[in-house]
Amino acid sequence: MELENSGFIRRYIPYGYKQRNSIYQLIDNYTLFKDQIINVCEMKYSETDYVVDAEFDRSQRRKISDFQKKTNTKYALHSTLITTYGVVSNSYSGDIQSIITSDDLFS
């Protein structure tokens, strides 16, 4: 999909590959913008604000690192969380560059 005026170039859903230890790594979505930023998106459903914990943080960092190594991209990689209502602010939530809620998607 090409949208010249918005700065949006392509959207890929999903991106996955098998690691050396036979674990299949899956990124829910990633988006490439003209400003050479790739948003690596993780989607989480929650009936309340989502709580980012150490396991999620570790998983997202690993996915971003593996994605960079696998694709050999020179673009900036930003962690993006798509969730129902938002995120509880804590020591792990600060590493997420973008938070998208269902209200953002449907407004």
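Checking the condition at pLDDT below 95 and either assigned to a loop (DSSP other than H, G, I, E, B) or among the aliphatic types (A, V, I, L, M) (or both), which residue from Ser107, Ser59 passes?
Being at pLDDT below 95 and either assigned to a loop (DSSP other than H, G, I, E, B) or among the aliphatic types (A, V, I, L, M) (or both) holds for just one of Ser107, Ser59, which is Ser107.
Restricting attention to segment 32-63, report how many residues are free of Cβ contacts under 8 Å to residues at least 40 places away in the same chain, within 19 Å of Asp103 (Cα to Cα) and surrounded by 18 or more Cβ atoms within 10 Å (Cβ to Cβ).
Residues in segment 32-63 being free of Cβ contacts under 8 Å to residues at least 40 places away in the same chain, within 19 Å of Asp103 (Cα to Cα) and surrounded by 18 or more Cβ atoms within 10 Å (Cβ to Cβ): 1 in total.
Within segment 79-99, count every residue that is in contact (Cβ under 8 Å) with a residue 40 or more places away in the chain, in a strand (DSSP E or B) and hydrophobic (A, V, I, L, M, F, W, C).
Total meeting the criteria: 2.
Considering Asn72, Asn90, which residue is at pLDDT 95 or above and either more than 13 Å from Glu42 (Cβ to Cβ) or surrounded by 14 or more Cβ atoms within 10 Å (Cβ to Cβ) (or both)? If you could, list the steps in order and put the result at the bottom.
Working: Asn72 fails: at pLDDT 95 or above.
Being at pLDDT 95 or above and either more than 13 Å from Glu42 (Cβ to Cβ) or surrounded by 14 or more Cβ atoms within 10 Å (Cβ to Cβ) (or both) holds for just one of Asn72, Asn90, which is Asn90.
Considering only residues that are hydrophobic (A, V, I, L, M, F, W, C) and surrounded by fewer than 14 Cβ atoms within 10 Å (Cβ to Cβ), which ones fall in segment 93-107?
Across segment 93-107, the qualifying residues are Leu105, Phe106.
The values are calculated or read from the model by the stated rules, or taken from the named source; none is laboratory data. This one's a predicted model, so the numbers in the text were calculated from it and none came from an experiment. Cβ atoms come from the backbone with ideal geometry, glycine included; neighbour counts cover every protein chain shown.
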